[in-house]
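Data first, discussion second: the structure below is written as structure tokens.
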Ligand SMILES: NC(=O)c1ccc[n+]([C@@H]2O[C@H](COP(=O)([O-])OP(=O)(O)OC[C@H]3O[C@@H](n4cnc5c(N)ncnc54)[C@H](O)[C@@H]3O)[C@@H](O)[C@H]2O)c1
């Protein structure tokens, strides 16, 4: 369905995209805009409002006011509204997907599937929330030594208040709704700060929430540079929860935040451990897809292969053969490898590649770059002295490190502060479980590449990779606090006999 009239009001007459507060799309009183570059053309594609701190205050005030009534809205009504949001997203998916192509160079098919997956996530959250949030507990006092049954404790889940949602550039729609839907379902209001690249797709997404008829002020969106309004947002006294997905910025935010619950989903250095008894074809396919999908710009991309020496030549040859077949080009043509998000990101990736070159890595495919487009690069004989053995490139570069044993591989993973996911390839399930037990990462995949989905699976990082857990049930649980109401009776009650 065409999106022209549906999305019309999100854009000002001058062409810049508006911010959203208290039920209205607005231009900023700053009179300033921030440009969004197209990673492929490197030309300015969009302009968005540069919100002021006073406007941030307004967004929080609107959210705080709207939350009171929303917390008293029946669960089934919240769920019905969220289902409506999901339906609108499906009906108006293409213009949102087109923004993902232009803003973050996401291949066109992947862009559309991100939007549809997000609508599915909203529906699932509404259904799960109906059940999970409707359940509480009744505790009796006589379980504790010395007590009789004269107290009944009613345990319920109540909203946190105002949730600040900050998603990253690589899934600006999906990782926004994975915060918004559980926050709203649980009775909270939201202030969204979309990423600088992905902000226009985020505006389109927000319009689906607005048009579904949520109470005004319940969802608000401030735009501007994260580095300029970010600290003001995260330190704001009206914030009752921060749900953040991104890189090291999250570590800085968590160090500064006060008494506020936090859901932090941060960077990863997801390792793929390949044992000598692995199905090498399967492992090679996983490295190829896991390492190079969306040009490696995924938190769960394979960012290091740790292969046992006996099978390293066979694995490297198969992955290299696969890399040769990847289509490199523009997102509109749905190529496998598209330009990375920014020039600074491309420069960072190049720095890691050059460091590896100087320290003796073997290039199984030649390094080539034009602007932000980096050809898929496969490095072999990577050693722990190289930065790429530890750091997250967030680009189409896969390093292979040869190890003497799976134990050596696990020790390398556990020595990294990044501990999001990992995977292991072996035909022996007992060995797989032993390796999974030894890997101190949030998730271990057995015989498949790391992945965030399906979106209802718990998803979390250990150490510097995060705080708390995502996944629909866990996100709903993050968005509430426990409230106890204790009924003190004048005599013991054994209602159950
Ligand atoms: N664990 C996960 O679930 C997950 C998922 C996707 C991406 N990531 C990680 O995200 C990173 C890539 O995304 P990115 O480059 O957008 O990350 P980033 O940390 O640079 O930015 C994330 C968000 O923070 C905002 N921001 C920047 N400075 C801020 C500040 N001072 N205060 C508040 N907000 C601020 C940005 O505008 C953006 O919206 C990678 O490290 C990747 O691994 C993690």
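The values are calculated or read from the model by the stated rules, or taken from the named source; none is laboratory data. Since the model is a prediction, treat every value here as computed from it, not as a measurement. Neighbour counts are summed over all protein chains in view; Cβ atoms, including those assigned to glycine, are modelled from backbone coordinates with ideal geometry.
Results for (1) farther than 19 Å from residue 119 by Cα; (2) touching a helix residue (DSSP H, G or I) at 6+ places or on another chain (Cβ under 7 Å), shown as yes or no for each residue.
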position: 208; (1), (2): no, yes
position: 219; (1), (2): no, yes
position: 227; (1), (2): yes, no
position: 237; (1), (2): yes, no
position: 243; (1), (2): yes, yes
position: 259; (1), (2): yes, no
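Within the option set 190, 163, 239, being modelled with pLDDT of 95 or more, in contact with a strand residue (DSSP E or B) (Cβ under 6 Å, 6 or more places away or on another chain) and surrounded by fewer than 24 Cβ atoms within 10 Å (Cβ to Cβ) holds for one residue only, 239.
Counting residues that are within 24 Å of the chain's Cα centre (by Cα) and assigned by TED's automatic domain parsing to the domain that holds residue 90, which strands (runs of 3 or more DSSP E) fully inside the stretch 100-200 reach at least 3? If you could, list the steps in order and put the result at the bottom.
Numbers: elements: 137-140, 151-159, 162-166, 189-192.
Passing ranges, in order: 162-166, 189-192.
Of all the numbered requirements in (1) within 16 Å of the ligand (Cβ to nearest atom); (2) surrounded by 15 or more Cβ atoms within 10 Å (Cβ to Cβ); (3) touching a residue at least 60 places away in the same chain (Cβ under 8 Å), residue 476 misses one, and that requirement is (1).
Which one is nearest to residue 71 (Cα to Cα) among residues in the stretch 213-231 that are surrounded by 22 or more Cβ atoms within 10 Å (Cβ to Cβ) and more than 14 Å from the ligand (Cβ to nearest atom)? Outline the logic, then answer.
Initially, the stretch 213-231 is screened for residues surrounded by 22 or more Cβ atoms within 10 Å (Cβ to Cβ), giving 214, 217-224.
Imposing the further condition that a residue be more than 14 Å from the ligand (Cβ to nearest atom) reduces the set to 214, 217-220.
Working: 214: 13, 217: 13, 218: 11, 219: 14, 220: 17 Å.
Per the criteria, the residue is 218.
Within the bounds of the stretch 353-363, is there any residue that is within 21 Å of residue 42 (Cβ to Cβ), touching a residue at least 40 places away in the same chain (Cβ under 8 Å) and surrounded by fewer than 16 Cβ atoms within 10 Å (Cβ to Cβ)? Scanning the stretch 353-363 turns up no residue that is within 21 Å of residue 42 (Cβ to Cβ), touching a residue at least 40 places away in the same chain (Cβ under 8 Å) and surrounded by fewer than 16 Cβ atoms within 10 Å (Cβ to Cβ).
Of everything in the stretch 369-391, what is over 29 Å from the mean Cα position of the chain (by Cα) and surrounded by fewer than 14 Cβ atoms within 10 Å (Cβ to Cβ)? Give them in sequence order.
Listed by number, the list holds a single entry, 385.
With the structure loaded, tell me whether residue 161 is farther than 20 Å from residue 456 by Cα, away from the ligand (no atom under 12 Å from the Cβ) and in contact (Cβ under 8 Å) with a residue 60 or more places away in the chain or whether it fails that test. Spelling it out, residue 161 is indeed farther than 20 Å from residue 456 by Cα, away from the ligand (no atom under 12 Å from the Cβ) and in contact (Cβ under 8 Å) with a residue 60 or more places away in the chain. Would you check if there is a residue in the stretch 95-110 being more than 16 Å from the ligand (Cβ to nearest atom), touching a residue at least 12 places away in the same chain (Cβ under 8 Å) and farther than 30 Å from residue 395 by Cβ? No.
The conditions of being over 24 Å from residue 449 (Cα atoms), away from the ligand (no atom under 16 Å from the Cβ), buried (at least 17 other Cβ atoms within 10 Å of the Cβ) and in contact (Cβ under 8 Å) with a residue 12 or more places away in the chain are not met by residue 331.
Filter the strands (runs of 3 or more DSSP E) completely within the stretch 384-456 down to those with at least 3 residues that are closer than 25 Å to residue 473 by Cα. Walk me through it before giving the result.
Details: elements: 397-403, 421-425, 443-446.
Result: 421-425, 443-446.
Does residue 234 fit the bill of being at pLDDT 95 or above, near the ligand (Cβ under 9 Å from one of its atoms) and either at positive phi or touching a strand residue (DSSP E or B) at 6+ places or on another chain (Cβ under 7 Å) (or both)? So residue 234 passes the test.
Considering (1) in a loop (DSSP other than H, G, I, E, B); (2) over 28 Å from residue 104 (Cα atoms), the lone condition that residue 365 does not fulfil carries the number (2). Residue 210 passes every criterion in (1) surrounded by 24 or more Cβ atoms within 10 Å (Cβ to Cβ); (2) more than 11 Å from the ligand (Cβ to nearest atom) apart from (1).
Residues are listed down the side, and each one gets a yes or a no for (1) farther than 30 Å from residue 382 by Cβ; (2) more than 7 Å from the ligand (Cβ to nearest atom):
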| position | (1), (2) |
| --- | --- |
| 239 | yes, yes |
| 243 | yes, yes |
| 248 | no, no |
| 260 | yes, yes |
| 280 | no, yes |
| 283 | no, yes |
